[in-house]
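Report on one structure; see the data block that follows.
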Amino acid sequence: MKLKFILILFFPFLVSAQSVQFRGKVIDDGKKPVGNLLIRFTSLGDAVTTVSGEFIISIPENIKYVDVALRDDSLQLLYPVDSKIPVPSDPNFITTILVSKIKKTELTSDESKRRNKSVKKYAELEKLLKETGSTNKELQEFLKRYIEIESEKLELDKAKLEADLKKSEKRDDVFGRISPLLSEYLLQLKNLKTSFEVNFEIAFVSNPGIQNLKSAVRAYNPLFETINNNYKAWQKEISSGWNDNLSDKFGSAVNYMIDEIHKPYILQLNESIKMINEVKLKIGSEEEQEEKKKKVRENVSFIMKNLDLKIPILENRFNELLTAMQLAEG
């Protein structure tokens, strides 16, 4: 009797040790949680989501995948695309399930506009899935499923929608490389100007002053060189990803940067640093040093006044270009 008692006492522990908690959250394609949704897990049972879209279900610990189905005819499963959810190794990880409403959309007569809308929608969903930790393989599978659903729902040419999505992906890649560089270049250009305004006078007699000038130049130069060395290749990418008009605007903006700012003014600041250093090291007679100081002051004053005018123009051109790249359709 004692042996039987012990077996009965520990049997529930043995059963519970063989199960784990599977956690998830259901959101729609507008990023809103889907509450009070009945979900069927094949061979495992059902779960109902909370108002925040979350659910928990106990599953055997040796299961690698669970099959999911929605018990709501007004919704369709977008992700996972094959209805199979990999069970995460971390029991506290919250798996995301993405759904959308099944509804007859009032279609516009212009298919290109419908494709543009679908491409924008996919970009939002892709970003959402990346934020939830989806792998590249899972995203590729989702893309295939998305194309099937959207082309049927919106009566789109499947091949054209796929081409537009690939074009959008290329645009994102090009924009992601160019935009930060242009923004950082403007920042370092402004910092270089400010550094001269603050430090050039004390640099005649101060080591920290001249080092601050040199540091500002060192921060500026690599960004200029990167843009200068790559902008022609980027022009071609903008032409193929967007259009020739935007490509020409990009080339014009960069040429303005080179011909109206860098060559006439930034290169002259380098010469000013050279003369400041000569004064600091007391190279030449006192009269020659004073003459160099006068020349530096005149040059820097002239350059600063012109940069006050030129930098806002360049910044406006860059901003208009980047905005047009972001808002472009087709």
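The values are calculated or read from the model by the stated rules, or taken from the named source; none is laboratory data. Predicted, not measured: the structure shown is a model, and the values here were computed from it. So basically every Cβ, Gly included, is an ideal-geometry build from the backbone, and we count neighbours across all protein chains shown.
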Check: E148: modelled with pLDDT of 80 or more, among the charged types (D, E, K, R) and over 30 Å from P222 (Cα atoms), yes or no?
Finding: yes
Next item on the list: Identify the residue in region 196-243 that is within 14 Å of L182 (Cβ to Cβ) and hydrophobic (A, V, I, L, M, F, W, C) and, among all such residues, is surrounded by the most Cβ atoms within 10 Å (Cβ to Cβ).
Entry: I238
Margin query: in the same structural domain as N316 (by TED's automatic domain parsing) and more than 22 Å from K310 (Cα to Cα): is that true of E201 in this structure?
Written below: yes
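Show me the strands (runs of 3 or more DSSP E) entirely contained within region 37-139 in which 1 or more residues are touching a residue at least 12 places away in the same chain (Cβ under 8 Å) and of a type in the set (S, T, N, Q). Full working, then the answer.
Details: elements: 38-41, 45-48, 54-60, 65-70, 75-79, 84-86, 94-101.
Of the strands (runs of 3 or more DSSP E) lying wholly inside region 37-139, those with at least 1 residues that are touching a residue at least 12 places away in the same chain (Cβ under 8 Å) and of a type in the set (S, T, N, Q) span 54-60, 75-79, 94-101.
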Next item on the list: Could you pull out the residue among I261, I313, I283 that is of a type outside the set (F, W, Y) and not in a helix (DSSP H, G or I)?
Entry: I283
Next item on the list: Taking K249 as the residue in question, decide whether it is in contact with a Gly (Cβ under 9 Å, 6 or more places away or on another chain) and closer than 30 Å to K170 by Cα.
Entry: no
Checklist line | Qualifying residue in region 121-129 (condition: aliphatic (A, V, I, L, M), within 30 Å of Q18 (Cα to Cα) and in contact with a strand residue (DSSP E or B) (Cβ under 7 Å, 6 or more places away or on another chain)) | finding: no
Next item on the list: Scan region 279-296 residue by residue and report those that are without any contact (Cβ under 8 Å) to a residue 60 or more places away in the chain and either closer than 28 Å to D259 by Cβ or surrounded by 15 or more Cβ atoms within 10 Å (Cβ to Cβ) (or both).
Entry: Q289, K292, K295
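Does A163 count as at pLDDT 75 or above, assigned by TED's automatic domain parsing to the domain that holds P86 and of a type in the set (A, V, I, L, M, F, W, C)? Give the steps one after another, and end with the answer.
Working: at pLDDT 75 or above: yes; assigned by TED's automatic domain parsing to the domain that holds P86: no; of a type in the set (A, V, I, L, M, F, W, C): yes.
It is false that A163 is at pLDDT 75 or above, assigned by TED's automatic domain parsing to the domain that holds P86 and of a type in the set (A, V, I, L, M, F, W, C).
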